[in-house]
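Coordinate-derived values only; no laboratory data. Computed from a prediction, not measured in an experiment: that's the story for all the values here. Every residue, glycine as well, gets a Cβ built from its backbone with ideal geometry; the counts of neighbours run over all protein chains shown.
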Amino acid sequence: VDNGAPTNRISCCGCNIRDEVQVDTLFKTVIQRHGRLDILINNGGGQFPSPASKITKKGMIAVVETNLVGTFLASTAAYHTWMKRNGGSIVNIVADTYKGFPGMAHTGAARAGVINFTKSLAVEWARGSFCPMHGQLPIEPTHTHAHAHAHAHTTLCSCRVNTSHTHLPAALHFAPHD
């Protein structure tokens, strides 16, 4: 019987976040194994140090596919598979690139895309409220919204990680919400 309590089960499932079929399969597997999806934390990423003048088209595409397209695929799969009907939370974590990211322009561009994507989803999927998120520095919420869809509640957050700090908090705590 599902009473909404955590199941305390952990399982692993490999997935290439740049592959739409693998991402869709991942979320279907999560629902099959656990019966629900409460939160998605997008923190996948990949980049390499390089001056912008030496980044190739192939290198740029690889970083954008991993950081931006991977976030898009995971977010939309989570939304369509579970959260549209049942609610949940999506947290997108990005490096702090707000003052530029010299030597990593490709990841800065992709992460800026993730932030805009999150803001756009907040308007479309989670109108009107905020995500009651509490974290320790160097994590800070940059944009949050929530919206009740009939009986569902979807929350979206975008967090930026201040890369000048070397110790990140062990966990983000989310206050209960309706």
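Longer than 22 Å from Cα to Cα, which of K99/K119; K58/K99; K58/K119 are they? Say none if no pair is.
Working: K99/K119 19 Å; K58/K99 25 Å; K58/K119 28 Å.
Check vs 22 Å cut-off fails for K58/K99; K58/K119.
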task = Would you mind calculating the gained length between N86 and T25 on full extension (0.36 nm times residue separation, minus the Cα-Cα distance), in nm to one decimal?
result = 20.1 nm
Amide proton proximity set for N42, modelled H, under 5 Å, gap of 5+ = V91, N92, I93
request  = For the range 31-135, state what percent of all Cα-Cα pairs lands in each successive 10 Å bin, counting from 0 Å until the bin that includes the largest distance.
outcome  = 14, 41, 29, 13, 2
query = Label points 7 Å out from Cα along the Cβ direction at F48 and H34: separation in nm?
reply = 3.3 nm
inquiry  = Taking the Cα centre as origin and putting +1 on Lys and Arg beta-carbons and -1 on Asp and Glu beta-carbons, what dipole magnitude results for the range 1-112, to the nearest 20 debye?
reply    = 140 debye
request  = Give the long-range amide H neighbours of G87: residues separated by 5 or more places, or on another chain, with amide H under 5 Å away, using H modelled in the peptide plane at 1.01 Å from N.
outcome  = H153
